[in-house]
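Worksheet for the structure shown next.
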Amino acid sequence: MNMKIKGPAIKFGNNIDTDVILPGKYLILVDPYELAKHALESLDTSFPEKAKNGIILVGGKNFGCGSSREQAPLALKYAGVKCVLAESFARIFFRNAINIGLPVIECKGISAAVETGDELAVDFEAGKIENISKGKKFQVDKLPPFIIEILVDGGLIENLRGRLSKK
Amino acid sequence: MNITEKILAKASGKDVVHPGEIVDANVDMIMVHDLTGPLAVEAFKKIGVQKVWDNKKAVVVLDHQVPAESVKAAELHKTMRQFAKDQKLQIYDIGRGGICHQVMPEKGHVVPGTVIVGADSHTCTYGAFGAFATGIGSTEAAAVFATGKIWLKVPEAVKIKVTGQFQKFVTPKDLILSIIGRMSVDGAIYESAEFTGPTIEGMSIAGRMTLCNMAVEMGAKNGIIEPDETTRNFLEGRVKTLPNFDSLKSDKDAHYARTVKFNVSTMEPQIACPSSVDNVKPVSKVGTVPIEQAFIGSCTNGRIEDLRLAAQVLKGKLVKDGVRALVIPASQEVYKQALNEGLIEIFSDAGAIVCGSACGPCLGGHIGLLAAGEACVSTSNRNFIGRMGSTQASVYLASPATVAASAVTGQITDPRTIEAKT
């Protein structure tokens, strides 16, 4: 994947749980594009329409709390979310997102510094986040190299295939 | 080191580990279910490894959409049955098991001191037996199937010290709601929640499971309790060989990020109001809240002790007209025990419906969904918007005693206010 991403922001609040990201009744769906049609519909039924051209999702504290359902980050990714920035993440969501190749970055202060519609730029390898519309810049802790590798490879399965074939 | 650090050190072949350190841990057991398993199977097939690393260490439980309510769910079940057959894995099919987090310890798959991962967030329940247990996603489960390993960041630990004696109709569920209410839904994010103190030492396995089950609702990576005689009594006859528990005690000088203290002696029955698990109040303070549904069950509160408590309240009474009461024993074993003790008859006589052992309405995928404007008081673990059906429905979380009392009166009710037959 490209380690530099640009796009408009869509912002939500604290504790966005995986049930509102993707309700339990849709977990029987297997096609990620079908899942994507229901992404965040409990909070905004038009979210998939707004996200389809590519957006950067911004959350508050504890983004992705609740269930371990990987269908939640899958629904976001296939709806058009290129990256999720939040004050903090629930740990299972954080791992799931990386494992399916959806970049997630913890960034203190991001929630207050971004409004929906702002143009953002993210450079994962350098740990730089910029709100171009507001002229604000953030430097975050870089992800550990092995996590960057998983993202560069496009997800854990692709990464693991590569590692196993080298053995 | 504390117990979590000791387990992670052993699993990664180290003498000592420190919070923040990333370790590559050997997995002793992995569980997937019917809603997370199919994605894991699909991912596993892409890796290119033919066999699960150790077929004695992987278990499949069908519990979420069971019995299949749709062709799509039936297809997911079929996928999991085939995978279990091809890989020679233990599978608990419909009628043979129940809710994964009840079945795993009942059937001897949970051993103190081991590392257990499960493709379900409430995998942390097994910390009640002194195991390090945490939830993972489907892709990660596939990677564990292939390698038997997982990277883990050693968590900081928060010590939750509990003292005092519960009053009548106040339960471990009320305690964990109270803890989450005080600590908040991100109060233990990335951390290990270690429950200690005389109240925990005197608590049943069922109560300990309720506590550890909901550790994830405050963001914790795992909940854990040192194994003791209570643990041994439950696991003996279920687990082939139990380890020595001496190495599974936290050292006296173990490091904790902080200690929080709770005393249950004056605690009232608690309830988490919509739509956050930390929106907790004493039941006596919620005012008049009419309900349309009451649910007793789930991996949080579907055990025999929970059903006994609910039956104690419901015996000789009727569920209020206009309220539907659902009772779901957490496993076939619990169901049979409830049958033998006459509890199923008490529920039926009260006008409650007893459903087959499964997750039921908890996650809003199958039976017992709510319409717009309806309220449910539930013994389950989440009350998020849309969790049990309509996004316009409300879910309140409470103990089996509170839910049973509320079913009788048709509104949220403190169980101490209604006469129970003992």
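The values are calculated or read from the model by the stated rules, or taken from the named source; none is laboratory data. Note that this is a predicted model, so its numbers are computed, not measured. Cβ placement follows ideal geometry from the backbone for every residue including glycine, while neighbour counts extend to all protein chains displayed.
Brief remarks follow.
- Residue pairs whose Cβ atoms lie under 9 Å apart, separated by 6 or more positions or on different chains, with the first residue in the range B:159-172 and in the same structural domain as residue B:200 (by TED's automatic domain parsing) and in contact (Cβ under 8 Å) with a residue 60 or more places away in the chain and the second part of a strand (DSSP E or B) and of a type in the set (A, V, I, L, M), are B:159/B:193; B:159/B:260; B:160/B:193; B:160/B:260; B:161/B:260.
- Considering each residue of the range B:73-81 in turn, at least one proves to be part of a helix (DSSP H, G or I), away from chain A (no Cβ under 12 Å) and crowded, with 18+ Cβ neighbours inside 10 Å.
- For the residues A:42, A:67, the requirement of being within 14 Å of another protein chain (Cβ to nearest Cβ), over 12 Å from the mean Cα position of the chain (by Cα) and either touching a residue at least 24 places away in the same chain (Cβ under 8 Å) or under 25 Å from residue B:77 (Cα atoms) (or both) singles out A:67.
- The residues of the range B:45-72 that are more than 26 Å from the chain's Cα centre (by Cα), not charged (D, E, K, R) and not in a helix (DSSP H, G or I), listed by number, are B:48, B:49, B:50, B:52, B:53.
- Elements of type helices (runs of 4 or more DSSP H) contained in the range B:117-202, each with 1 or more residues being more than 14 Å from chain A (Cβ to nearest Cβ) and more than 30 Å from residue B:41 (Cβ to Cβ): B:172-183, B:198-201
- Residues of the range B:35-72 that are within 19 Å of residue B:367 (Cα to Cα), within 9 Å of chain A (Cβ to nearest Cβ) and acidic (Asp, Glu): B:69 alone.
- Selection of first residues in the range B:186-198 that are in contact (Cβ under 8 Å) with a residue 12 or more places away in the chain and farther than 12 Å from residue B:256 by Cα and of second residues that are among the polar types (S, T, N, Q) and surrounded by fewer than 19 Cβ atoms within 10 Å (Cβ to Cβ), restricted to Cβ pairs under 7 Å at least 6 apart or on distinct chains, gives the following pairs, ordered by first then second residue: B:197/B:163; B:198/B:163.
- Among the candidates B:269, B:329, B:243, B:282, the residue that is farther than 26 Å from residue B:4 by Cβ, touching a residue at least 12 places away in the same chain (Cβ under 8 Å) and surrounded by fewer than 21 Cβ atoms within 10 Å (Cβ to Cβ) is uniquely B:282.
- Applying the condition of being part of a helix (DSSP H, G or I) and in contact (Cβ under 8 Å) with a residue 12 or more places away in the chain to the range A:143-152 and asking which residue is farthest from the other protein chains (Cβ to nearest Cβ) yields A:152.
- Pair list, Cβ under 6 Å, 6 or more apart: the range B:13-42 residue over 25 Å from residue B:239 (Cβ atoms), other residue part of a helix (DSSP H, G or I) and among the charged types (D, E, K, R): B:17/B:5
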